[in-house]
1. Of (1) part of a helix (DSSP H, G or I); (2) touching a Pro at 6+ places or on another chain (Cβ under 9 Å); (3) charged (D, E, K, R), residue 29 satisfies all except one. Which?
2. Do we find a residue being exposed (fewer than 13 other Cβ atoms within 10 Å of the Cβ), closer than 22 Å to residue 25 by Cβ and touching a Leu at 6+ places or on another chain (Cβ under 9 Å) anywhere in segment 145-162?
3. Which of the residues belonging to segment 98-134 are part of a loop (DSSP other than H, G, I, E, B) and either modelled with pLDDT of 95 or more or in contact with a strand residue (DSSP E or B) (Cβ under 8 Å, 6 or more places away or on another chain) (or both)?
4. With the requirement that a residue be closer than 18 Å to residue 60 by Cβ and either free of Cβ contacts under 8 Å to residues at least 12 places away in the same chain or of a type in the set (Ser, Thr, Tyr) (or both), what does segment 96-132 give you?
5. Quick test of your reading of the structure: residue 45 fulfils all but one of (1) more than 30 Å from residue 126 (Cα to Cα); (2) in contact (Cβ under 8 Å) with a residue 40 or more places away in the chain; (3) part of a helix (DSSP H, G or I); (4) of a type in the set (A, V, I, L, M). Name the failing condition by number.
6. With respect to residue 54, is the statement that it is more than 13 Å from residue 142 (Cβ to Cβ), part of a helix (DSSP H, G or I) and under 15 Å from the mean Cα position of the chain (by Cα) true?
7. Could you identify the single residue in 11, 38, 79 that is surrounded by fewer than 17 Cβ atoms within 10 Å (Cβ to Cβ), under 14 Å from residue 156 (Cβ atoms) and among the aliphatic types (A, V, I, L, M)?
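The values are calculated or read from the model by the stated rules, or taken from the named source; none is laboratory data. The structure presented is a predicted model; accordingly, all values stated were derived computationally and were not measured. A quick note on method: Cβ atoms are made from the backbone with ideal geometry, for glycine too, and the neighbour counts reach across all protein chains shown.
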Amino acid sequence: MSYEQRPPLVADERTQLVGWLDLQRALVRRKLEGLAEADERRAVLPTSPLMTPVGLVSHLRWTEHCWFNVIFLGEPEEANPQFRKEPKSADWLVDGVSLAQLLDEYDAQWAESNKITAAHSLDTVGKDAEFQPTLRWILIHMVEEVGRHLGHLDTMRELLDGQKGYY
């Protein structure tokens, strides 16, 4: 989905949920267009040293993996750095990985998440033994999660280079 295209005004629930989530996901890439390489790893929020553009994209990628692959499908959590005890917040640590690569990995992950979504009913319950949300709940949560982090990207971008905008 293009960041310039909103979901249809009249559509079924699945189309609306996936459409709004895809728009938020596409806006992540849009918010980072033209960012100077020197700013990709700069933290601008004094109490959040891991909150960098590259760290945020990595976090979003692994959050998608956590919810769709691990919690919903029941896949092993070992591949996902969010489940590591040490280092804390490992999904935000991306030394040596370019923003372009992280954005491509994020795009690939949300494409996989969309395939998972397309293959299941919104009422299907996740396979995680302790936490069993429906697919509907996960989609709504992901709209919230990505939208909240887009606000962080807005703030970072304005503080890094003055760029701002609705989209």
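1. (2)
2. no
3. Our first condition is that a residue be part of a loop (DSSP other than H, G, I, E, B); within segment 98-134, this holds for 98, 119-124, 126-133.
Correct list: 98, 119, 120, 121, 122, 123, 124, 126, 127, 132, 133.
4. Our first condition is that a residue be closer than 18 Å to residue 60 by Cβ; within segment 96-132, this holds for 97-117.
If the condition is that a residue be closer than 18 Å to residue 60 by Cβ and either free of Cβ contacts under 8 Å to residues at least 12 places away in the same chain or of a type in the set (Ser, Thr, Tyr) (or both), then 98, 100, 101, 104, 106, 108, 111, 113, 115, 117 are the ones that fit.
5. Answer for residue 45: the failing condition is (3).
6. Values: more than 13 Å from residue 142 (Cβ to Cβ): yes; part of a helix (DSSP H, G or I): yes; under 15 Å from the mean Cα position of the chain (by Cα): yes.
For residue 54, the condition - more than 13 Å from residue 142 (Cβ to Cβ), part of a helix (DSSP H, G or I) and under 15 Å from the mean Cα position of the chain (by Cα) - is met.
7. Values: 11 fails: under 14 Å from residue 156 (Cβ atoms); 79 fails: under 14 Å from residue 156 (Cβ atoms).
That would be 38, the only listed residue that is surrounded by fewer than 17 Cβ atoms within 10 Å (Cβ to Cβ), under 14 Å from residue 156 (Cβ atoms) and among the aliphatic types (A, V, I, L, M).
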